[in-house]
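Notes for the one structure printed next.
The values are calculated or read from the model by the stated rules, or taken from the named source; none is laboratory data. Quick caveat, the model's predicted, so the values are computed rather than measured. Don't worry about glycine lacking a Cβ; one is built from the backbone with ideal geometry, like all the others, and counts go over all protein chains shown. Keep in mind that these areas ignore ligands, DNA and RNA; they rest on the heavy atoms of the full protein, side chains included. Shrake-Rupley method; radii C 1.70, N 1.55, O 1.52, S 1.80 Å.
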Amino acid sequence: GTAGATNRIATAPALWGSSWTTNGFALVDDLLLVPTSPSGSTIEMQRWDTATHQGGSTGLARLTTKRMTTITHHQERAFFTDHELVITDGLTSAQSHALPHTWGPADSIVATDDRVFVTLPDLWAFDPTQATWVNVDPISSSLLGTIGNRAIYRRGAYYPMRSTDGITSELLGIPTPPNGAELTAFPWNGQHWILGNDLWSTDGTAAGSHVHLASTGVTFSDAAAIDDGINLVGNTAVHGRELWKFDGTMFMRVTDLIPGFRDSVFSVATCGDRLFLAASDGTDGIEPYLSDGTAAGTHRIADLMPGLTSSMPEFVRVVGDYAYFTAQTPGFGNLMS
């Protein structure tokens, strides 16, 4: 959480693809897995061991003759796919399963306790115990994440969200943002929350989905939760983009890093019991900040690209005592801790 303890681990390798849930990385126990394509046609799983602070190849044989387009993880397994589904523990085992059809590469993937969901672009569910596929929705779809053992998805870019247990699906009634913008989903206070056009709480069913409206004049583009509230990137005409908070009852603005209408906070993510921000106070570019959810407790942890140039940090996740994020430093794109 300090500039002195912010270190480049390695120059970022050639990553293949990203997904709504992992942005090109997967986590299995203490291993941060980074699929790479050293030859341009086969996938090799690189890893960073957060317990021993050592990196390198997993030692697995190259996993596929296809390229990776999307990746996710659940519990102690990582899942990635293009024209085939690969399930691996990142250490000793990897299983490859043919997709139900080969009309094109997979678009998105998420996993629950008992299913792997893949869009091809129609939605399919894979049962690892039976090695069987079920066509859940024959219409082109996009996976957004999971709530419990249900996958959340939408048909196309502009249709309301749906959920499925891998057998049947239902309409949730939650609208999607304009222009096909991404949604943010996370747990807080015993419920699951989705930020789309508005902030919703949901249990993955239509009956259990409820909207929480902010005052007029503010729009939200990102959200993350810590114990005392949901923290959001809120945009107003007067203050620009700043950090906001929802305490379960009301919305309130937290920061004013750059007074006036200039944008200050660009993204927020949960980082242990604090928040990781991509932000600027006007004297720097977009750099990594930490916050405890208060204005006084919001500060920059490093100026990785000195001056007004931006390092564009993107949070990965917390493993053990370390937070991992990608960022630009002079001459490099890096995985940082």
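A few notes on this one:
- Residues being modelled with pLDDT of 95 or more and more than 18 Å from Glu287 (Cα to Cα) - total across the stretch 251-273: 4
- In the stretch 153-167, residue nearest to the chain's Cα centre (by Cα) [restricted to those that are closer than 18 Å to Trp133 by Cα and buried (at least 20 other Cβ atoms within 10 Å of the Cβ)]: Tyr153
- Residues that are part of a loop (DSSP other than H, G, I, E, B) and under 20 Å from the mean Cα position of the chain (by Cα), drawn from the stretch 198-254: Asp198, Asp203, Gly204, Asp227
- Phe126 vs. criteria assigned to a strand (DSSP E or B), on the phi < 0 side of the Ramachandran plot, open to solvent by less than 10 Å² (accessible area, probe 1.4 Å) and aromatic (Phe, Trp, Tyr): yes
- Test: residue in the stretch 94-105 that is at pLDDT 90 or above, within 22 Å of Ala206 (Cβ to Cβ), out of contact with any helix residue (DSSP H, G or I) (no Cβ under 9 Å at 6 or more places or on another chain) and of a type outside the set (A, V, I, L, M): no
- Annotation note: Cβ proximity below 9 Å between a residue of the stretch 80-91 that is touching a residue at least 12 places away in the same chain (Cβ under 8 Å) and a residue that is among the acidic types (Asp, Glu) (sequence gap 6+ or interchain) occurs for Asp89/Asp29; Asp89/Glu76; Gly90/Asp29; Gly90/Glu76; Leu91/Asp29.
- Any hit, the stretch 170-191, residues being modelled with pLDDT of 85 or more, farther than 27 Å from Lys245 by Cα and polar (S, T, N, Q): no
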